[in-house]
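This report concerns only the one structure given below.
The values are calculated or read from the model by the stated rules, or taken from the named source; none is laboratory data. As the structure is a prediction and not an experimental result, all values here were calculated from the model. Reconstructed Cβ throughout: ideal geometry from the backbone, glycine too, with neighbour counts over all protein chains shown. Only protein heavy atoms, including side chains, enter the accessible area calculation; ligands, DNA and RNA are left aside. Shrake-Rupley method; radii C 1.70, N 1.55, O 1.52, S 1.80 Å.
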Amino acid sequence: MAITSIKNLKEFSTNNDRFEGAHLLCPGCAHSMIVRELMNCTDDNLVISSNTGCLEVSTAVYPYTSWDTSWIHIGFENAATAVTGAEAMYKARKRKGTLKDPDAPVKFVAFGGDGSTYDIGFQWLSGAMERGHDFTYICLDNENYANTGGQRSSATPIGATTSTAQAGTHSYGKKEKKKDIVSIMAAHGSPYVAQLAPNKWKSMAKGFQKALETEGPCFINTVSACTTEWKFDPKDTIHITDLATDSLMFPIYEIIDGHELNILYRPKNIIKVEDYLGAQGRYKHLFKPENKHVIEQIQSDIDKKWDMLQRREEARI
Amino acid sequence: MSITGSTVGTDKRGVRELGGEEKVGWDEVQQGVVLNSFDGTTEGAAFLKAEERNYADFNSYTATVASWRIIKPVYNRDICIDCQNCWVWCPDTSIISRDKQMLGIDYDHCKGCGVCVEVCPTNPKSLLMFSEATDNDEALAGWPVKEKKEK
């Protein structure tokens, strides 16, 4: 496997981009930062599949494609299925000796948004994980169905206002908590599961390389700040992601073989979650006096989760 | 003179306006389409720089989204330290870097989000946003000087 050097940014920048511009993602969208990084951290041939979502509709607008690799889209839910099918065929043809270049390294990657990963494509993803194909699934988690107008998904955190869980006089937005997809995927016994963020480019590139190198089904959940639905200025994408990781709303960690947990980033100064919530329009209503209990609940959930992660890391079980 | 907009790339870069094609009705669209990114083989693209690749007309590299922009980043070579922060975080593959050096901005694909300016660590910043109508040389002439730290 030809991994590229990620020792420092200068070395990393000598890679040739395989994700082209003039896709139609919003200005400042974190999706393309994550996709570019994945494609830059290896020189191998890539076979990529995308679920329906912002990434798919924006990078394959007929008659254009932004992908300089093999790329396929079939349906909303089945990027995992499509790419594992391609992987099974590749292995079979390798066994039969009908490949043109059997020694060329190939990696199989599936991209999905949070809607197609947490909700619609969940059983397809779970099935692909169980069958044990050699592929990497990357979830671009922007916490709502941004492609269709910002409906709530099961990745939307409590208190966020979305077009189908609106904050108003009788509601503080979504009332249910976010699904813990990383633990669910680790429970499948996957050899490598991680939660990563694009502002920490090095840990993200390392995680991607580890997932691509690891044989078996790997899952990575990445935080993808959405300027349109989180309601912040496009230039602040990295700043918002910084706040998300420093407030531990999105802790960065990996789980190896379903049990060995490593925390990959410990903020020097852990900031209060108010700073993260206050920077985004979708949490604006939480700062009214009657909704204060929601912020307190979010903060206590974060503290409990961080405590759990640290204890699990120490316990090495 | 400092480099402002980079000319690195093939003649095909950004020659077509998105949506400029003849439109067809919903019932005339073909289901299941294969688009080739390159004329010839796709293999080995990771080892070729953009200017060495043989892009097909289907590749969005040949399209432009410059009309989305109302503000644009202007690049000042004199201050840049080639840290490549802008390269790694540019969502539109619009920062052109070759051999660890930042060469400039691809104005055909830049949407003017301003992320590159926010992540630029120099003082004063070596990338700043200006109105699309501003001339690049004019912008460079009025570049701010180093801010002194308040004691």
Quick one: putting +1 on the C-beta of Lys and Arg, -1 on the C-beta of Asp and Glu, what dipole do you get for the stretch B:52-94 around its Cα centre, in Debye to the nearest 20? 160 debye
Accessible area expressed per residue, chain B, with surrounding protein chains retained (probe 1.4 Å, Å²): 56 Å²
Residues of the stretch A:124-160 with backbone N under 17 Å of the label point set 7 Å from the Cα of A:Ser171 along Cα→Cβ are A:144-146, A:149-160
At a cut-off of 50 Å², which residues of the stretch B:94-109 become less accessible once all protein chains are present than in their chain alone, using a 1.4 Å probe? B:Lys100
Solvent accessible area, Å² - A:His188, 1.4 Å probe, full protein context: 60 Å²
Neighbour cut-off at most 15 other Cβ (10 Å), DSSP loop, trypsin sites (Lys or Arg not before Pro), the stretch A:114-195: A:Lys175, A:Lys177
Considering chain B, which cysteines have no disulfide-compatible partner, defined as another cysteine with its Cβ under 4.7 Å away? B:Cys80, B:Cys83, B:Cys90, B:Cys110, B:Cys113, B:Cys120
Around A:Tyr192, with a cut-off of 15 angstrom between Cβ atoms, what is the net charge of the other residues, counting Lys and Arg +1 and Asp and Glu -1? -3
Drop in accessible area of at least 50 Å² in the complex versus isolated chain, residues of the stretch A:222-239, 1.4 Å probe: A:Lys235, A:Ile238
Where the only charges are on Cβ atoms (+1 Lys, Arg; -1 Asp, Glu), what is the dipole of the protein assembly as shown about its Cα centre, to the nearest 20 debye? 1120 debye
Hey, any idea what % of chain B's accessible area is carbon plus sulfur with a 1.4 Å probe? 51 percent
Is there a simple number for the mean count of other chain Cβ atoms within 10 Å of the Cβ of residues in A:62-73, and what is it? 6
Got a number for carbon plus sulfur as a percent of the stretch A:9-315's accessible area, 1.4 Å probe? 52 percent
Over what distance in Å are the Cα centres of the stretch A:52-85 and the stretch A:137-187 separated? 23 Å
Of all DSSP beta bridges with both partners in chain B, the antiparallel percent, nearest 5, is 75 percent
Nearest-20 debye value, chain B charge dipole, Cβ charges on Lys, Arg, Asp, Glu: 840 debye
Output for the stretch A:254-314: trypsin sites (Lys or Arg not before Pro) sitting in coil per DSSP, at most 11 other Cβ within 10 Å, listed by number, reads A:Lys268
Using the 2.2 N^0.38 Å rule of thumb for compact globular proteins, work out how chain A stacks up: its C-alpha Rg over that value, please. 0.98
Give the ranking of A:His170, A:His285 by solvent-accessible surface, highest area first, calculated with a 1.4 Å probe. A:His170, A:His285
Residue-normalised accessible area of chain A, expressed per residue, 1.4 Å probe, Å²: 39 Å²
At a 1.4 Å probe radius, which order do B:Arg98, A:Arg18 fall into by accessible area, largest first? B:Arg98, A:Arg18
Relative contact order (percent) for the stretch B:16-141, with alpha-carbon contacts under 8 angstrom and 6 or more residues of separation? 25 percent
Unit charges at the beta carbon, dipole of the stretch A:263-305: most positive-side option, A:Leu264, A:Pro289, A:Gly278: A:Leu264
Which number do you get for Rg(Cα) / (2.2 N^0.38 Å) in the stretch B:60-120? 1.07
Solvent-accessible surface ranking, highest first, for A:His31, A:His239 at 1.4 angstrom: A:His239, A:His31
Given a cut-off of under 8 Å on Cα pairs at least six residues apart, what relative contact order in percent is computed for the stretch A:9-315? 16 percent
Considering only DSSP states other than H, G, I, E and B, which trypsin sites (Lys or Arg not before Pro) in the stretch A:78-113 qualify as loop sites with at most 14 other Cβ atoms within 10 Å? A:Lys100
What percent of all Cα-Cα pairs in chain B falls in each 5 Å bin, counting up from 0? 2, 8, 15, 18, 17, 14, 10, 7, 4, 3, 1, 1, 0, 0
Averaging sequence separations of C-alpha pairs under 8 Å and six or more residues apart, then dividing by the length of the stretch A:197-271, give the relative contact order as a whole percent. 26 percent
Ballpark to the nearest 100 Å², how much total accessible area do B and A bury together, probe 1.4 Å? 3900 Å²
Checking a compactness column here: for the stretch A:182-309, what do you get for Rg(Cα) / (2.2 N^0.38 Å), N being the number of residues? 1.13
Which Cα, out of B:Gly32, B:Ala50, B:Val88, lies furthest along the positive dipole direction of the stretch B:16-141 (beta carbon charges, K/R +1, D/E -1)? B:Val88
Sketch the reach of a paramagnetic label on B:Asp78 as a point 7 Å from Cα along Cα-to-Cβ, and name the residues of the stretch B:107-151 whose backbone nitrogen lies under 18 Å away. B:122-130, B:135-148
